[in-house]
Amino acid sequence: MTTCRRPLAIALTGCSLAFGVGISVYATSVFAQQEERPDAALNMLVHEPPSMEDLENSDIHPELKSVIRYGHDLFTNTQQLRGENVFNDMNCSSCHLGEGRVPFSAPVWAAAITLPDFRGKNQHVNNLEERIAGCFAYSMNGVPPAYGSDEMLALSAYHQWLATGAPMYPDKPIYGRGFPAPDEPEQAPDYARGETAYQENCAICHQQDGSGHYENGEYVFPPPWGDGSNNWGAGIVRVDTMAGFIYQNMPLGQPRSLSAQDTWDIAYYITSQERPQDPRYNGDVAETAEQFGPTFHKRSLYGQTREHDDHVLGDHDNFGEKGDIKPWNVGMPRFENLPGE
Amino acid sequence: MNQKCLSRFGLLMGISLVTGGALAQQGDAERGQAAAATCIACHQADGSGMNVPNGESWPRLAGLNGDYIAKQLHDFKAGQRQNATMVTFANMLDDQQIADVAEYYSQMPLTPGNGGDEADEALLARGQQLAERGDWNAYIVSCQSCHGPGGMGVGSTFPGVASQHAGYISAQLTAWKNETRSNDPQDLMGAIAKRMSDNDIQAVSAWYATQPGSEAQETAQ
């Protein structure tokens, strides 16, 4: 058991499977009490967001309740904005599992207590709405709803309500934030090994060709690559972020069950596949990769040549279903007239 | 080791989602009807099975995915799925007959699930929650994220569970929890069932027994 880096993983599944310990786990919460966990010693902020049942039982204004409910609905069924704001086969909850609440699945309430703040990706101070808009433009390969619109307000209300009780601008790191990757494995990530491991562990749901699966036109399994997936500008195309997502969340229902080697191999394989063009593309993949290298693409394979077939990743002008519609928030200038420090 | 074998099989099943038949062997419904003569005693002539409150329920087979049915019969024969009642009857079938009865039952119209009607409102509400949203505090992923919208099934890998008998659903979940059923690919079902309390199992079984199992059945109701 000592090989489990995170004690929580034991309670969850991965390790109990691997070690064949048939412990019963249903009593355990993923937000287990702070004092039960050694990482409390690490002095982190542990927050258990309220659930939708808590919302129904709370005594906040009924109008606010229904707006939060709408925000939750948009978050878990973002496909209702298909063709307007969403141009791929995803929901927000395709990547932020468990309705955006679960630790190590980039729980979204963290943004509500840490923003406004400077963001490296776009080099200026962002608020919560702008952060949400970012996931629309890249992860949803879409066009964000306008700032202040009903959809934007409802989504941000949902994020903020999830943060209920957590301190604003916390002075401690947030437990379970983001998609932390496992340590880099012994052998450098490998495409062929990744392909084999993907076919063994993932294709049953996401399909051999990564196209995901719709049943009678309804969302079931999202596509990890291809036209229906996120575009080249989305955070999850960074190999380490993909590795973190996979390790912490996949195969569905079995978090932290893959080895670090399998995880990184699969992440490398998936991020070596094609997907819709980065909306920041200027017509030349090498230039775009260089321009956004320091802030983003240095961690992705965008613009690089795939070894086995000499294909240059991202060298195309396929923007997916949204065609030549430009997300209005990408490259939008902010605070240009403020004097520098 | 066991894990490895399961994931190999997972690969097979993955392909089957696309091609619609990894265990492909053409079945014939008419021959299937003849071969199913011995099955009627339990699964009934219309494939509806029976909910048996204090005993072993017989699952509805009508309208289940054909490849899923065939896989189960092969699993019974190979000892990968264990059930004293069923193994006798599975053993009577050769590969061709398995394909035939699978085809036969898969073509039958769905019949209603029983055993959920007496559940109280709170139990049904919990069941609906588990089915549609899961309970992530205990890392119970929603049933529909694998069994599809309405629990109506996805391809040949994820069988429809809506409109199945409550007694059968709860028996299967309990079997996975106690590791007496483990023929699922990649432990996908077992990992979830092990996190469920007995109350959760009762709740979701009652909920699905009361739900339509196909869009046709939904409009008919």
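Some notes on this structure:
- DSSP-defined beta bridges in chain A - what % are antiparallel, rounded to 5: 80 percent
- Rg over Rh [alpha-carbon atoms, Kirkwood Rh] for segment A:80-221: 1.01
- In a simple Cβ point-charge model (Lys, Arg +1; Asp, Glu -1; nothing else charged), segment A:34-162 has a dipole of about 480 debye relative to its Cα centre.
- Dipole axis of the protein assembly as shown (+1 Lys, Arg; -1 Asp, Glu on Cβ), positive-most option in A:Ala133, A:Leu301, A:Trp225: A:Leu301
- Residue-by-residue Karplus 3J(HN,Hα) for segment A:174-182, coefficients 6.51, -1.76, 1.60, Hz, glycine and proline x: 8, 5, x, 6, x, 10, x, 7, x
- Exercise: per-residue mean of other protein chain Cβ atoms within 10 Å, A:247-254: 4
- The string of couplings for segment B:178-190 from the Karplus curve (6.51, -1.76, 1.60, θ = phi - 60°) is 8, 6, 9, 10, 8, 8, 7, x, 6, 6, 4, 7, x Hz, one whole number per residue in order, with x for Gly and Pro.
- Equivalent-ellipsoid semi-axes for segment B:121-220 (Cα gyration tensor, √(5λ), whole Å, largest first): 19, 16, 13.
- For the residues of A:216-226, the average number of beta carbons from a partner chain within 10 Å of their own beta carbon is 3.
- Loop-located GluC sites (Glu not before Pro) across segment A:246-315 with a Cβ neighbour count of 13 or fewer within 10 Å are A:Glu307, with loop assigned by DSSP.
- Dipole orientation for chain B: of the candidates B:Gln164, B:Asn83, B:Ser182, B:Ser182 has the Cα lying most toward the positive pole (charges on Cβ; Lys, Arg +1; Asp, Glu -1).
- Using C-alpha pairs under 8 Å with a sequence gap of at least 6, the mean separation divided by the residue count of segment A:50-144 gives a relative contact order of 22 percent.
- Mean Kyte hydropathy of 0.0 or more with a Cα span along the axis of at least 20 Å, helices from DSSP in chain B: B:2-19
- Hydrodynamic radius (Kirkwood) for chain B, which is based on Cα pairs only, to one decimal in Å: 17.5 Å
- Going by accessible surface with a 1.4 Å probe and the largest first, A:Lys121, B:Lys77, A:Lys326 read A:Lys326, B:Lys77, A:Lys121.
- Estimated dipole of segment A:176-292 in Debye, rounded to 20 [Cβ of Lys and Arg +1, of Asp and Glu -1, Cα centre]: 400 debye
- Close amide H partners of A:Ile174, meaning residues 5 or more places away or on another chain with modelled amide H under 5 Å apart, are A:Leu45.
- Which of A:Ser58, A:Ala106, A:Asn85, positive extreme of dipole for segment A:34-162 (C-beta unit charges): A:Asn85
- Dipole size of chain B about its Cα centre, with +1 on Lys/Arg Cβ and -1 on Asp/Glu Cβ: approximately 660 debye, rounded to the nearest 20.
- Loop GluC sites (Glu not before Pro), segment B:124-221 (other Cβ atoms within 10 Å of the site Cβ: 13 or fewer; DSSP): B:Glu179
- When shorter helices are ignored and each DSSP H run of at least 4 residues is given -39500 (n - 2.57), the per-residue value for chain A at 222 nm works out to -8500 deg cm²/dmol.
- Taking a sphere under 12 Å around the Cβ of A:Asp89 and counting the other residues whose Cβ falls inside, with K and R at +1 and D and E at -1, yields a net charge of -1.
- Kirkwood hydrodynamic radius of segment A:245-341, from the reciprocal of the average inverse Cα-Cα distance over all distinct pairs: 16.1 Å.
- Residue mean of other protein chain beta carbons inside 10 Å, B:196-205: 1
- Set A:Lys65/B:Lys194; A:Lys121/A:Lys322; A:Lys121/A:Lys326 screened for pairs whose C-alpha atoms are more than 24 Å apart: A:Lys65/B:Lys194
- All Cα pairs of segment B:57-127, percent lying beyond 14 Å: 65 percent
- In order through segment A:253-262: 3J(HN,Hα) via Karplus (6.51 cos²θ - 1.76 cosθ + 1.60), integer Hz, x for Gly, Pro: x, 9, x, 6, 9, 7, 6, 4, 5, 4
- What the Cα atoms of the protein assembly as shown give is an Rg and a Dmax of 24.6, 86 Å.
- Nonlocal amide H pairs with A:Val312, under 5 Å, H built at 1.01 Å: A:Arg306
- Per residue, the average separation of C-alpha pairs within less than 8 Å and at least 6 apart gives chain B a relative contact order of 25 percent.
- Amide H within-cut-off set for A:Glu215, under 5 Å, with H built and near neighbours excluded: A:Val220
- Value of relative contact order over chain A, rounded to a whole percent, pairs C-alpha under 8 Å and six or more apart: 19 percent
- Quotient of Cα Rg and 2.2 N^0.38 Å for segment A:34-162, N being how many residues it contains: 1.10
The values are calculated or read from the model by the stated rules, or taken from the named source; none is laboratory data. This is a predicted model, so every value here is computed, not measured. We place every Cβ from the backbone using ideal geometry, glycine too, and count neighbours over all the protein chains shown. Keep in mind that these areas ignore ligands, DNA and RNA; they rest on the heavy atoms of the full protein, side chains included. Shrake-Rupley method; radii C 1.70, N 1.55, O 1.52, S 1.80 Å.
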